[in-house]
C-alpha cells in the first residue's frame, strides 16, 4: 500500500492510499484531512490504523513519503502496519537499551551509533539488483543495512535502516527505513519502487481527468474520476486490437511505450466513430467530406495539446 499526503494548497487537503500492485494502474483511495501539522499527523496515523482494521487478516506494508518519517507515528502504528519510508542521513541512531540489572532508572537507549552520513565512506557495500526500477527492467545498487533504535529526546522506535548508493555514481546516497526488523533490503527497496506506480496514476488523473481542480463535491467526484481512470485503461486494453495501443509520438518527445493519454485517445476514437454518434444517412446527391478528412479531424480531437 502506498501512502501520500498532498501538502500543496490546491490539493484540498487529501490523504491518498493506493494499492501498489505488480501491474499498474494502482487502486487509490482518497481520504479528507484537516489542516495543521498536528491534525495531519493524527490523520496519517488514523489512515494507517483504519486500513489495518479494514484488512485484519492480511499483512499490510505501507510505503509512504517523508512526511510519515516521524518517530511517534511509526511507533504507534508498527504493531499493526509495516511502514517503509525515507530516513534522514543525520538521524540519531542508537543500540537498543541493555537489559535492566543495576539499580536506578532503566536506560531507554544504548550506545550511540555512527550516522548514516558517516557510514557512507567507511561501510562495506553489497551489490544488489532491483527489478522494476522506475520504468526499467532492473537496476544495480550498492546497499548497507542494519537495525537500530531511532531516538530523539522523549521519542524512540526500533527500525531497520537501508543505506543506498547508486552503482553508477549518478545519484547521491539515500536512506530508507522499515519498521519490520526482519525485512531484507531488497524487499524494502522493491516495496518503495512500487510506490512509483501510484504516483504515476495520481499524476495522470490530475493532468487528464481534472482531479484536484474541482471545488465542490470532492468526496464524490474524486473517487468517480479515479474509477474513470481504471475504466478507460481497461476499455483501451480491450479494444486495442492486434497492434496494441500505439503511442502518439512527436519529434521532441520520442515516446516508446503508450501512456494514459494514448489510452484516452483510443477510447475517444472508439466512442466518436461508433454508430451511436453517426451522422445522417448516406445520400449520393448530398455533398459530404471524405472519410479520410473526417478520420484525421477525429484523431486530432482525440489528442488535444
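The values are calculated or read from the model by the stated rules, or taken from the named source; none is laboratory data. The structure presented is a predicted model; accordingly, all values stated were derived computationally and were not measured. Here the Cβ is made from the backbone with ideal geometry for all residues, glycine too, and neighbour counts use every protein chain on show.
Quick notes
- Within region 82-91, the set of residues being in contact with a strand residue (DSSP E or B) (Cβ under 8 Å, 6 or more places away or on another chain) and either surrounded by fewer than 16 Cβ atoms within 10 Å (Cβ to Cβ) or in a loop (DSSP other than H, G, I, E, B) (or both) comprises 87, 88, 89, 91.
- Identity of the residue in region 66-81, under 16 Å from the mean Cα position of the chain (by Cα) and not in a loop (DSSP other than H, G, I, E, B), that ends up surrounded by the most Cβ atoms within 10 Å (Cβ to Cβ): 68
- Complete set of residues in region 32-65 that are in contact with a strand residue (DSSP E or B) (Cβ under 8 Å, 6 or more places away or on another chain), surrounded by fewer than 16 Cβ atoms within 10 Å (Cβ to Cβ) and either in a helix (DSSP H, G or I) or at pLDDT below 65 (or both): 32
- Region 265-303, residues that are within 46 Å of the chain's Cα centre (by Cα) and modelled with pLDDT under 60: 276, 277, 278, 279
- All conditions but one from (1) under 24 Å from residue 70 (Cβ atoms); (2) part of a helix (DSSP H, G or I); (3) free of Cβ contacts under 8 Å to residues at least 24 places away in the same chain apply to residue 172; the one that does not is (2).
- One residue from 167, 183 being modelled with pLDDT of 85 or more, on the phi < 0 side of the Ramachandran plot and touching a strand residue (DSSP E or B) at 6+ places or on another chain (Cβ under 9 Å): 183
- Per the listing 196, 191, the residue uniquely assigned by TED's automatic domain parsing to the domain that holds residue 139, touching a strand residue (DSSP E or B) at 6+ places or on another chain (Cβ under 6 Å) and closer than 23 Å to residue 88 by Cβ is 191.
- Subset of region 95-137 [within 33 Å of the chain's Cα centre (by Cα), under 19 Å from residue 159 (Cβ atoms) and either outside the structural domain of residue 68 (by TED's automatic domain parsing) or assigned to a loop (DSSP other than H, G, I, E, B) (or both)]: 95, 96, 113, 114, 115, 120, 123
- Exactly one residue out of 160, 140 is in the same structural domain as residue 70 (by TED's automatic domain parsing), modelled with pLDDT under 90 and either loosely packed, with under 14 Cβ neighbours inside 10 Å or assigned to a strand (DSSP E or B) (or both), and it is 140.
- Qualifying position, being modelled with pLDDT of 85 or more and either part of a loop (DSSP other than H, G, I, E, B) or in contact with a helix residue (DSSP H, G or I) (Cβ under 9 Å, 6 or more places away or on another chain) (or both), among 189, 228, 216: 228
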